Each structure stands twice: as structure tokens, then as C-alpha cells.
Amino acid sequence: ADPKFAVIYDAGGKFDKSFNQSASEGAERFKKETKIGFMEVQVASDTQTEQVLRNLARKKVDLIAAIGFGQAQAVQNVAKEFPATRFVLIDGVANGANVSSVLFKEQEGSYLVGVAAALASKSKKVGFIGGMDIPLIRNFSCGYAQGVKATDSKIEFVQNMVGTTTAAWNDPAKGGELARAQMERGVDVIFAAAGGSGLGTLQAVKEKGKLGIGVDSNQNYLHPGNMLTSMVKRVDQAIYDSFMQIKNGTWKAGVVYKGVKEGGVDWALDKDNRSVISADIEKRVNAAKQDIINGKINVVDFREAKKCPA
Amino acid sequence: MNQADLPRWATSVAMPLLNLLSALLVAAGVIYLLGENPAESMGILINSAVLNPEGLGYTLFYAATFIFTGLSVSVAMQAGLFNIGSEGQMYLGGLGATLVLLALDHTLPGWLLIPAAITGAVLFGGLWAFVPGYLQAKRGSHVVVTTIMFNFISASLMNYVIVSHLIPDGEQSPASRVFAESAWLPKLNSILPVLGETPLNISFVLALVALVIYGVAVWRTSWGYQLRAAGLNPHAAHYAGISISKTIIVTMLISGGLAGLAAVNPVMGSTHYLGLNFPAGAGFIGIAIALMGRQHPVGILLSSILFGALIQGGFDLSLEKPNIPPETFIFIQGLIILFCGAMENLYAPVLSAMFKRKDK
Amino acid sequence: MQPAVEFQNISKRFGAVQANRDVSFSIAGGSIHGVIGENGAGKSTLMSILYGYYQADEGNLLINGKAEKIHNSHEAIVLGIGMVHQHFMLVENMTVLDNVMLGGEGGFRLNANRKKVEAELREICQRYSLDVDPLDKIEDLSVGVQQRVEILKQIYRSANILILDEPTAVLTVQETQSLFDVLRLFKEQGKTIILITHKLQEILDITDEVTVMRAGTVVGSVHTRDTSKEQLAEMMVGRPIETQLPRAPYNPGKVVLDVQNLNLINSQQVSLLKDINFQIRAGEIVALAGVSGNGQSELLEILSGMRVPGSGQITLDGAALPYQGKKDADGLPARYRELGIAHVAEDRLRHAVVKNFSVLMNSFLGYQNKFRKAFGLLDKKAIAEHCDKMIRDFDVRPADPALRIALLSGGNQQKVVMAREMAASPKLILVGQPTRGVDIGTIESLHARLLALRDAGVAILLVSVELEEVRALADRILVMSGGCITGELKVEEFDATKIGLLMGGLHKH
Amino acid sequence: MMFDDFQFASILVSTVRNAPVLIFAAMAGLFAERSGVVDLALEGKMLAAAFVSAAVGFTTQNPWLGIAAGIAVSAAIALLQGFVSITQKGNQLVAGIALNIALSGLTFVLAQFFFMQGGRTPDLGAARLSTIVLPGAEAVAGVPVIGWIYSSLLSGHTILTYLAFALIPLVHWVIYHTRFGLRLRAVGENPHAADAAGVNVELTRFMAMLTAGVLCSLSGAYLSIVQSGFFLRDMSAGNGYLALTALVFGNWRPVYTALGCLMFGFFAALQVQIEGVVFPVIGKVPGSLIQMIPYVVTVVVLAGLMAKSVAPKAIGQPFVKSR
Ligand SMILES: Nc1ncnc2c1ncn2[C@@H]1O[C@H](COP(=O)(O)OP(=O)(O)OP(=O)(O)O)[C@@H](O)[C@H]1O
Ligand SMILES: Nc1ncnc2c1ncn2[C@@H]1O[C@H](COP(=O)(O)OP(=O)(O)OP(=O)(O)O)[C@@H](O)[C@H]1O
Ligand SMILES: [Mg+2]
Ligand SMILES: [Mg+2]
């Protein structure tokens, strides 16, 4: 029989225009190609996560994909109880012989868009807007800042967070307002890593005719001409790969780090932002990418360093 | 003719049931519009929330938290105070317990550790409510406003504390480390194995005890008498020698302490770590529960279970019926509060008419 | 002349209570018609039906000979009916002018009319000698002036049929007199006036005809000139009433309360009490007479512990009261009660009872610590016995301890309060306006209680604006004005004119 | 970045942009509460209006139709709230909270049902309100101070922004200088007195609720049509409660309430600017602590400067014809 799959989204939900959505796209792609379906659930609290994991494990699902660091503890607990079920955890680490943890080197992708931002900024002021002040988001911000500073150390870097509750991911008005405030201070390129609030940011950026940078999935299509690029984080690919490995019997447990080299993160260049990416920018961003791949550039991971060098 | 003329069973059983049915009827309509079979859906919901023992376990697990937040709001209401801040007080209560556990979970034995952590939760929750209470009593700042503000402030503060200080090295999830097992609250499934693998733990028993204590304290003690007098007529309470400012401050301390206790269930009974935004609205649901349950212990218990069941059953239902998003049950919660809490007399005229006809 | 109002077989019930039963009588146009009856006799209900506040279950209402159905006060106003309610119907935080305009603004924009109405009001005030400034806020006005505002409202709306429900309950003699002057003027203008009062003297003074009600029905209507106080009282209560209660000879004991150099200044630096000195001995009733708002209330509050004085010495049985060094009075009344000071508060519903508590729960308000068992539990059995005894001793009706006290008539609420305060066997009892709005039958019994207490050796301080009451109860009378004690008389020297002068003494208005 | 990088100008402009959401909602609350009905459901009505405005605006590609539909829906909800609190004499706090919860769920469900984007409406694109450039704004932009005030602070907002500010004197006028306002205040202060004066208490309260519904819908429309360009679940983000706070803060008086809204707007703007700034002595303040500034300020102001705020006396009590 075909293996059974399930995806558990975190509180952001399947349509968060961010990593949950990306995960769902990966699973959908797998479904389209293999005609093997999957179950999907969204959880609201950490307690629920455990409940769902257990439920699915009892239903003899072969691979459960848990999206988001919030599910780490629950995955670890349930994985112990159901050694026959396999789990893939995105953005977090859980121990267990039947768990694969996939972490992304957001700092590397963010570095690349930082390089692009530094080159594209005319005012020499670039901004970052994060959803909530958590290590994951700081890692985006820190990688971005490193890219900016490495390109031009005189560039000013401004950063704001939307809020401190989960509402911070769903407050486009505030996301937009933060962008406007930054632009009034002269910022002309803004990287938004703020879920739904980021949509407000990009909208405001477009209204002022400045440049925005999308996150997680390729968001260039949102405002063609006003999107400098997007920092893509290939959660979809990770999910797709895990599903495929189960199907082909090549699945392995363990912690995987996916950076630029592994194709886990990247910058996006397509028809929607072709017009704003000059040949020079393209060349220098790709050069930086190459340097990261061959180790010439080491982008510091904020989560390990606990401090941002830039 | 008004409600007072109806027999007791009609006002306390028939009317609430009719209201609940009305709310569910509207909900059924929405489910139908979403393209699912309402009867079947309700069946799934009831089955997974009440009939299935494991589901029941989850229902009661959620209810335990709500009982505490419901009590927190209720006790303040008895004194005429509208404490909207239970959410923030619960959040801080979680911090209180966590700090105790992080400091002591490797040194103290469980039987000492758990009470110490619970004390920490009560203390932090209480102190977080003390400030608004004090400001109301001494400076006349509206407790409604200050507690709303304190909710926002607690969110910022907790974010700062967790993200900047509590995340263990090498971890990135915004949560404290997992506590040692000695700090985990004993689960009820060790006594009642039929409950299956549910996080239902002794804090549910604690919640029931709290309900009884609350009932006795408010209706049977001189303290409760003074509390209610102050709530109903502060001028008369002053005349009766009851210190209003003391009552306000003490009540807020207790209210906050109860909200702090609400944190014990999820933090020490389920996740075993302090996570960002773990109250997840339980403090606000406490307001609904206090209002719907008329601040009465039985009412609080029943509405807490009802809300627990909605969360558990609704979640399972949305698992089975992808057309029904979990948010549908947020809508249904609202409807139930509206019908049972604010339109309690909707059917009074109809029932009165029925009785009149029978009289003649 | 055609009757201005005719009630035909009006019946009205509230749940189990038959408030009006088959009420029929008529009121001659251009006359002043009195309506009297015990508390709960159905007077207010009947008037509320006339004013459209309630609808009668049965019966007809004829206004100027025409059958009318009045569904709300708006329709009543249109018919030229005005009502001055027992409790003032004024919006406290608005001006006199706005209160008068409310409901009859004459257009969407207020300013278009404000000046005109203001001028008109000033003119009316002049014509009727009503001392009211249209631009004053209601909350800054004394009750007497508020009463005038109610009248002003009716004059402005040119009501032709004016209902007054116990308008004099809170007025002084002088204020009552000037109100009556206005009413006489109305009558001259051909207006019809319906006056409800518990004071039979007023009925005799001003009405042309009087209707007596009892238990929802009409006992009878008589021409005022053909009747007497005694006859009316007997019609009302169904038995003869003692107007002069017997009392033991004046034989005061040792000093119980000693007040020396008491001063009080409020937060706006206004001096409310100035250098108050007096004593009360065991077994005497000292009355504080005066126009309300001259410091009596503040004095009562200080003596009961509800307020802390600015300076001065108060001793009870030779020991200083424990207010010294206190910033606020939080919790003080409980300690005073323990020392033996009982307090019947002036404002019943505001201070003396919790409206939403049952009679039982109100029966120990202020004495909650006396009924405490182990663990702070209330002693239910003791409370129930205590309450039953109160209800029996004071004949509280209905005799149901579980009834919400708000559902009792004012007179019966007052009995509960009196009973409660007397039950504690106090050394000193402070009694504020004990019979306000209470019918004469109940007054008689409450007065008898106070005299019995005096004879038993309790010190009593009575605050009352009713000179009749003062005369009936007091051994000594202190007159207050402007926060000072302006004079003292023995009851044998009672002289209404002299007291009136003392009351006006330093009083500035 | 250094301390002196603060841009006061930018803070002011940002304040002006932040305030309308609160002003509309607070003025809505003012009408309801001045009439004696506690309006905890501002949040819910905002959400409903934000959703309907965005959904209809997107579908018809006409923001005005969207706003009109939002007004209709919000007014209908306000009337339902009125039915529960006025006619049924239900608990007004419960009614408000119930509506908030129900609408938070319902707007998501409907948005999901119609647009399948996770409780979000599609981008409105061109179907948004355009900003109005005041005549001559460009010309005077160069003039110091005045030029800036005219061209940057005053010019370049949408009509809703101007409406919000125009509302302040308008509401003041309605409340204090019209028949409706007089009756409204009377009904909220002493309904028995109003009733005795021939005023229809329930009708007046219903009118107040209707006004509240209409005003509140503009707050929602501002969120979705002006500020964001789409609807997102729970996008009211506590602004309804903040508006109520401004109302208490402003003692239920229009001008002071609006000042409260501006204060919140100002501190929100200030907070944005402070983030990341290195202060003399203290150094850099963590972002999450900066987020609490507006709330801490409110508490301090309420506790320190203000006298007790006095609510309309009859607030929260259904009108029952007997004491
Ligand atoms: N709103 C009401 N609901 C229920 N019962 C009422 C109501 N109003 C009056 N009653 C009852 O009707 C009876 C008559 O009341 P009413 O107010 O007419 O008396 P009254 O003669 O005015 O008394 P008082 O002299 O105390 O003013 C009372 O016994 C009371 O119990
Ligand atoms: N809501 C109510 N339900 C039942 N009875 C009521 C209600 N309101 C008033 N009453 C009754 O109406 C009667 C008159 O009420 P009212 O308040 O006028 O009393 P009162 O004796 O005149 O007292 P006072 O003049 O001191 O206020 C009382 O007998 C009271 O029982
Ligand atoms: Mg009466
Ligand atoms: Mg009376």
C-alpha cells in the first residue's frame, strides 16, 4: 500500500504566506506527482500538538511533518512513544531515532538579500521588519544586516518588530505603519519577515514606490516592480524530499542543516523583479552566494552566537 | 409577567437549555452553509468531546484551566471589579512557577517542588493584579483600563524575559528548558487508565477544590459577605465598616492568584516548559465563563466544561471535516455566550405564555 | 365644573400584588386634591398610571371629560399632565436649563432655543418668586432648590394637571410654605393639582378635597373643610392614631457622648463644621434641627465613623473615639459599632441597606463580625433567629426574610434598619431622618420605639428636618446653621418661629 | 543610530496616520456609552466592517461600495447588540464579549469560505482610497516649517483620515449642542428622568447604537481599505479595547477622548522610532520592552495626573421601569 502522510501546521496556519504555506505547497507537489494524498491539521496550542501527533501516530501514519519550532517538544515526546512512526520537524530540533529535524540557515539567504538591498538602496538606508522578537526572526535580521554591512559598511540599518503577542503576525496595519515610519526616515529597501503583517509592509513599500523584500516563499509576484527580491526558504523542498524518501525507502533520521549550498535558502530572481535587479546586483549577489557555498564567507548564526556581529 | 413568576426548573434548566439549543441551531446553519452535514458534525463533536474517554480527558484538561480563570474573574466581579487582566496574570503566574522550577527542580523532591512552584504561580499572578488593585483603591484609576494595559505590558515583559533570558543555550524555540520530571504534575490517567494518554492531571482536582472553597468563601463567610456588600453597594459597605480599599486590593490579589493558578495546568501539567503566549486566550475565556456561569460555582464548572468540550470536539471535528475550519468553533463559542449569557430571558415570554394557558 | 381627571374602576397588579383595585374617584378642575394612604396603599401606582408610566389592567381614565389611553409620559405631557416624582427626576450633571429643555427642545439645534428658554425661565422665576439660576448644575443644588427646578419644569411646560408625589418629604417648613404659595398661584390660574403626602397638616392647609386609599382601594373622598386630622388618620390606618405619645419624665444620666471643638474642612477648603460643642447624656434624646445641608449630615457621619473630623475631641463614655491619626475612615464604622454607637443613616437606600440583598442579609449589615464562627463562617442559625426576631418585634411586612429588601416599602425598610441598629443594645444611637416618606401608622410605631429606648437609658441623637418630629421626640433641641450650632432649647420652650429664626441664623443663600 | 536621529516630524505624521482607527472606534464607543450601553463589541464591529469592506471592495473593485457595505453590516451588528442589551435587557458586557468572539471566528470562516486564502481577502489593488493632495501642497513644500506642516502633515491622507479629525468637533457639537445629544446624555445619566420628561429611552439608545455602528465601521474600513489593502483575520489587533481605554481616559468627552487616541497614536509612533536607538546612559533598550511604552504611559497618566474619571451613571444598566 501507499505510505500515509500528514502535515501539522503551527498556529500561523496553512495560508500564512510563509513557511506553513510553503510546507503545504511541497506536500501538494508530492501529491500531484505521486497521487499519494496526505492529511493536514492546524494546531492552536502546544498541548494540542501532542494530542494530534499521538492521534496520527495511532492511525499508523508513516511520516508526520511538524512545521514550526513550537512543535519540537511535542514531537520529541510522541516520537519516543511511537518508535515505528517517523517524524520530520521543520525549524526545530527534536531527538529520536525516528525523527529528522530540518533547520534552515536563514542567515545565509538573508545575507544574500542584504547584499542586494545594500546595492539597490539609493538613500543608503535599509530596513528590516520582523513579526515578533524571537531568535528565528533575529536570525533573519542578523544575516540580512551582515550582508548589508559587508557590502557597504556605511549603510544605516533600521529594525522594528511588530509586536510581542501572536497578533504580531496578523497585524498588517502595524506592519505598514512601521514601513512608512522607516521610509520617512529615509529607508528605501525593507525586508519583511513578519507573516501576515509583512504583507502590510510590502503594500506600504509599494505605495511609496520603494523596494521590498519578501520572505519564505517567493513573494515577488505580490508587487512586481516594487519587490527587490525574496529570501526563499525551501520548506516545500524539504517536505517534498522527506515524502519522496519515505516512498523510496531512503529516509534517514538526524539533524539536517539546509543552507545556500544545500539549496535550502536562496534569493529569488524571476520576471517580477527582473526590472529592478541590475546586472551588477545580480553579479555581486551571485558572487556572494558562491563565496558562501565554497566557505569564503561564513555568515554568523545568531541563534548560536547569541549576538549579531553586524 | 416576568421571569420571577416561572417555576424554578424553567428558569434554571429549561431556559438555559433552550438558549444553548438556539445557539447550536444557528451553528448548525453555518455548518450547513459550509457544505457539511450538521447532524453528523454535531455527532462527531459530541463523541470526541464527551463520549470518547480520551476526548473527555482533554475536555476536562482544558476545563481545569478555564475554571481557574473563570474563578479569577468571578471573585473580582463579586466585589464589583471587572478584572480583564486574568490573561496577563496567568502569563505572569506561569513565570512565577517556572522561576521556582528552574531554580529548584534538580534539588527539591516533587512533593516539595510542586507546592513551591504553585506558590510561585499564585504569588506572581497575585502581584501582577495587585498593582491595578492598588491603583484603583488609592488613586481611582479604573481597574478595567489598567488591567487591559497590564495585559499588553505582560505580553511585552514575558516576551523579553523568555526570549532574552529563558531560552536555553543551543535552543531556538522561545521557551524555557523542560523541567525535571519531579516537577510534572501527576496525571489522572494513572488512577483512571481509561482516560488514555491525556494531559488531564491533578490540577483538575485542584480546580474542583477551588470551586468549593470559592462557593463557601463567598456565600458562607463573613469575608464573602463583606465582599459582596462592597460590590453591590460600596456606600453601604462603608457604612457597615467594611474597608473598601482593602477589599479591592485583597480581592485583586486573590483574583490574580487564581489566574496564576490557571497557569499551573498547562505549564506543569502538559508542556512542562514555559512557552511564549501559552495562556492562548484562556484569561479572556475566563471572562466569558464568569459571566455565563453567573459567578456561581456550578455555573462556572458547567461553562468551563462546555468551553473545554467545544475546543476539544471542535478541533477533532475540523480534523475530520476539512470544510469546517477550527475558527468555526470560535464563532460558536461566541454564539453560546451571546445566547446563554446575554439573552437568558429570550424564551421567558414564550414559557410564561405556556404556563398562563395551562393555568386557565 | 367638569372634572379634570376621572378614574373609573382602575385596577393594576404587579405579580402577586394588587396595587390598585377598582379605584374610582374624580378630581375637580381648578382644585387642589389630596391623596393619602399608608405606604404601599397604591397612591404612586395610580399616579403613574395617570402619567402614562404604567398602563392600567382594567378601567378608564377620563381627562377633561374625554376617555384617554396614555401609553407613555410623552403622551401625558401632550395632554397637559405634569408630574413631580417622589424621587427627583433630574439629570444631575446637567444644568437646570438643559433639564427643563429635555424632552421639549423645540428643534434639532439646542442653541437656537437655549437663550430664549433661559430668558423665559428667568421670567418665570421672577413671577413665581422661585430662586433658581437656570445655568446652575443640578448636582450643586440643595434638595429644596431641586424641588423648585421640578416645579419650574412643569410651569415651563405649562402643565394644566400637576401631580406631586410626596413633594414635601425632604423640604423644610419654609420651603414647604413657598411651594404651597406657588401651588395656590397655580390654582388661581385654574390649574388642577394632585398632592400626595404623608403629612396630614399639609392636607388640611392646602387641599380642597382629599381621597384616602388603603390596600389599593379608595376608602373615601371628603371635602377638606369637613374633616380633621384624626378622622383622616383613622380612615387611612383603620384605627385611631396617637399623635402625642406618652413619655417618662426627663431624667438624664451620665454623659455618654462629649463633642468638643469639632471642625471639618472639605477638600475644596470649605469649612463644613465650625467649632461644634455639645454633650448627650444617657436617657435623653437630643435633636439636631436645621435646614438640610447645614452640617447635620457631616456631623452624623463623623460620629458614626464614616468620616474623619478635621480637628476636635470626641469621647464616648469618657474614652476618645479611635479616629485619631487616621487619614480616611476606611473600616472605622465597624469599630465605632463595637464601642456601642449604632447608626440609622439618613439616606436609607444609599447607606443603610444593600438593595440587592435579602432582608435576612441586611439584618446584620454592619454587625457581620458578631455572627462569625470558626474559619470566618457566618453563623446561619443565629442570623436566622436574629432576623426572625427583628421581623416579629417590628412587625416588618411582608414577614419574609428571603425577600429582596428593595421590594419592601420605604417604611418597612426603615423598620428593618431601626430594628437592626437597636438590636445591638448600643450606648448611643444616631438617628437620621427616621421617618422620611413613612406613613403615619409606621411613624407612630417608630417613635414609640425611640422613646422606649430613651427610657431604657440610651443616649439618642436625632437629626430631622421635621419640626413636628423633633417636638414629639426631643428632650433638648440644638439648631444648626452654616456648620455651627446656633442655639439650644429645651422641648418645653419649643417655638417654631424661634427655631426657624435660628435655622436661618447664619445661613446664607 | 544615535539619539539625535529621532525624527520628530516623522513621529507626528505617523501619529496622524495611526489615530483614525482609534478615533472612529472611540467616537463610536462614546455614542454607545454616553447613552448607557457599554460597548465592548467595538473590536468585533471593526473586524466585521473591515472584512465586509474589503470583501465587497475587492469583488466590486469599488472601495466606496465596500465602505457602504461595511457600514450596513456594522450597523446591523450594533442593532443586534442593541436588541440584546436594550430590548432583551441582557448583560451588556456579555453581549459585547460574545460578539467579539463570534465575529472573530465568523470573519475568518467567511473569508476562508469565499476567498480560500487562509482567512484573508485578496489584495484590493486599485480598489483602495486614494490620498488627497491638498491644493498647493507641492508648491509650498519648500517653505520651512509651515511648508512641511501643510504638505507633509496635513496633505496626502485619504478622505477617511480627514473625516476622522473632522469628527472630533462634529461629535462635540452633536453631543453638547443638539437635541439628540441632550437626550443621549440624559438617557445615559438618568434614564428615569429622561423617561419622565417624555423621552423615549429605548429609541434614543437604539439611535446611539446605530451611530456607533456606523462610526465603528469606518474604523474597520480604515484598517482594511486604507492601511492594509486587504483583510486579515483578527486584524483589529486590540484597537477596539484601546479605543475604550481612550474613552475612559477622556472621561467620555469627545475632545479629551480624541486626545487620548492621539496620545496612543503618538506613543505607537514614538515606540517605532525608539527601537534600536542608543540612548545616553541607558544604552539600547530591548525592542520588546519598548513595545510596552504606550501602555505604561497610560497607566502612569491614569494613576498620576487624572482625577477619577466619571462614567455615565446609568452605564451598563438596562432601563427597567421601576426602581
Ligand atoms: N413596579 C412594581 N412592581 C411590583 N410591585 C409594585 C411595583 N410598584 C408598586 N408595586 C406594589 O404596589 C403596591 C402599591 O405601591 P405604590 O407605590 O402605589 O404605593 P404608595 O401608596 O405610593 O406608597 P408610598 O406611600 O410608600 O409611596 C405596593 O404594595 C407595591 O408592592
Ligand atoms: N421593583 C419593584 N418591585 C416590587 N415592588 C416595588 C418595586 N419598586 C417599588 N415597589 C413597591 O412600591 C411601593 C412604593 O415604593 P416607594 O419606593 O415609593 O416606597 P416608599 O414607601 O414611598 O419609600 P420611600 O418614599 O422611602 O422611597 C413599595 O411598597 C415597594 O414595595
Ligand atoms: Mg409612593
Ligand atoms: Mg413613599
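Coordinate-derived values only; no laboratory data. None of these values were measured; they are calculated from a predicted model. All Cβ positions, glycine included, derive from the backbone under ideal geometry; neighbour counts span all protein chains shown.
Quick notes
- Membrane-span-like helices in chain D, defined purely by DSSP H runs whose alpha carbon atoms cover 20 Å or more axially and whose average Kyte-Doolittle hydropathy reaches -1.0, are D:8-34, D:42-60, D:63-82, D:92-115, D:159-177, D:201-221, D:254-274.
- The Cα-based radius of gyration and maximum Cα-Cα distance (Dmax) for the range B:161-294 are 19.3, 61 Å.
- Antiparallel %, DSSP beta bridges [both residues in the range C:3-237], to 5: 55
- Both radii are taken from the alpha-carbon atoms of the protein assembly as shown; with Rh as the Kirkwood radius, Rg/Rh is 1.02.
- Hydrodynamic radius (Kirkwood) for the range A:107-236, which is based on Cα pairs only, to one decimal in Å: 13.8
- Among the residues of A:111-121, the average count of other protein chain beta-carbon atoms within 10 Å of the residue beta-carbon is 0.
- Each residue of the range B:171-176 was assigned a 3J(HN,Hα) from its phi angle through the Karplus expression (A = 6.51, B = -1.76, C = 1.60, θ = phi - 60°), giving 9, 10, 6, x, 7, 6 Hz with x at Gly and Pro.
- Peptide packing: for C:110-123, B:325-338, C:48-61, the average count of neighbouring Cβ atoms within 10 Å per residue gives the ranking B:325-338, C:48-61, C:110-123, highest mean first.
- For chain C, the calculated P(r), taken from all Cα-Cα distances in 20 Å bins from zero up to the bin holding the longest distance, is 21, 53, 25, 1 percent.
- Which of D:THR257, B:THR65 has the fewest Cβ neighbours within 10 Å, and the rest in rising order: D:THR257, B:THR65
- Cα gyration tensor of chain A - equivalent ellipsoid semi-axes, whole Å, descending: 34, 20, 17
- Packing rank of A:170-179, C:166-175, where each peptide gets the mean count of other beta carbons within 10 Å, highest leading: A:170-179, C:166-175
- Most positive-pole-ward Cα, C:GLY80, C:SER363, C:LEU430, against dipole of chain C from beta carbon charges: C:SER363
- Order of A:VAL61, A:VAL78 - criterion: other Cβ atoms within 10 Å of each residue's Cβ, fewest first: A:VAL61, A:VAL78
- Under the span-like rule (Cα at least 18 Å along the axis, Kyte-Doolittle mean at least -0.5), DSSP H helices of chain B: B:15-33, B:53-78, B:86-104, B:110-134, B:143-161, B:202-220, B:244-266, B:297-320
- The ranking of D:CYS261, D:CYS216 from fewest to most other beta carbons within 10 Å of each one's beta carbon is D:CYS261, D:CYS216.
- Of the DSSP H helices in chain C, those whose Cα atoms cover at least 18 Å axially and whose Kyte score averages -0.5 or more: C:143-156, C:173-188, C:440-455
- Relative contact order of the range B:264-360, defined on C-alpha pairs under 8 angstrom at six or more residues apart (%): 18
- Working from the Cα coordinates of the range A:1-158, the gyration tensor eigenvalues give, after taking √(5λ), semi-axes of 36, 16, 13 Å in decreasing order.
- Within the protein assembly as shown, helix-based [θ] at 222 nm, where runs of 4 or more DSSP H residues each add -39,500 (n - 2.57), nearest 500: -15500 deg cm²/dmol
- Span per principal axis, largest first, for the Cα atoms of chain D (Å): 65, 49, 41
- 13 Å beta-carbon shell around A:PRO224, net charge (K/R +1, D/E -1): 0
- Shielding value for A:301-307 is 2, the average number of Cβ atoms from other chains within 10 Å of each residue's Cβ.
- The range C:3-237: Cα Rg divided by the 2.2 N^0.38 Å rule of thumb: 1.01
- Inter-chain neighbour count for C:107-119: the average number of beta-carbon atoms from partner chains within 10 Å of each residue's beta-carbon is 2.
- In the distance distribution for chain B, Cα-Cα pairs more than 33 Å apart total 34 percent.
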